[in-house]
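Below you'll find the structure, written out as structure tokens, and then a few comments.
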Amino acid sequence: MTYIVSLNGKDYKIEVLEGQAVLLGITDTPPPEVVLTEDMLSPVGGTVSSVYVCPGQAVNTGDVLMLLAAQDGQYEITSPQAGSIYAIAQQGDAAVAGSVIVALRA
């Protein structure tokens, strides 16, 4: 059998036959992808009533991303800058004031 063991940023390819291990090669492990996002927080507690964008979609400053229904009315959640949607709450989700409802890639 052949195994790949990752240790300290390197991948070691090892083959084991009849109880003997043979090192077949060593390669560098690629670093994990880092995604920088700007988290948008819910201004009030409420329920997401409508969502107008989806992950991966490009948005511009001022675009309406969703509507948030609260006891005192509806809130339009708009994009503070141009970018693309990385993650977004879904219709029907509860939002607590100060919780993340949109992650935006700049």
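Where a number appears in this text, it was derived from the coordinates with a stated rule and is not lab data. Note that the coordinates shown come from a computational prediction; the quantities given were computed from them, not determined experimentally. Reconstructed Cβ throughout: ideal geometry from the backbone, glycine too, with neighbour counts over all protein chains shown.
Here are the numbers for the structure shown:
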{"read-out": "Whole-Å semi-axes of the chain's equivalent ellipsoid (Cα gyration tensor)", "value": "47, 15, 11"}
{"read-out": "FRET efficiency for S50 and L23, using Cβ-Cβ distance with R0 set to 41 Å, rounded to 0.05", "value": "0.10"}
{"read-out": "Which of E33, E38 has the fewest Cβ neighbours within 10 Å, and the rest in rising order", "value": "E33, E38"}
{"read-out": "Förster radius 30 Å - calculated FRET efficiency between Q74 and D39 (Cβ-Cβ, nearest 0.05)", "value": "0.85"}
{"read-out": "Cβ-derived FRET efficiency at R0 41 Å, S99 paired with I4, nearest 0.05", "value": "0.55"}
{"read-out": "Cα lying deepest toward the dipole's positive end in region 1-88, options A21, A87, G56, charges on Cβ", "value": "A21"}
{"read-out": "Region 43-106 versus region 15-34: alpha-carbon centroid distance in Å", "value": "44 Å"}
{"read-out": "Computed over the chain: relative contact order in percent, which uses C-alpha pairs under 8 Å that are six or more apart", "value": "26 percent"}
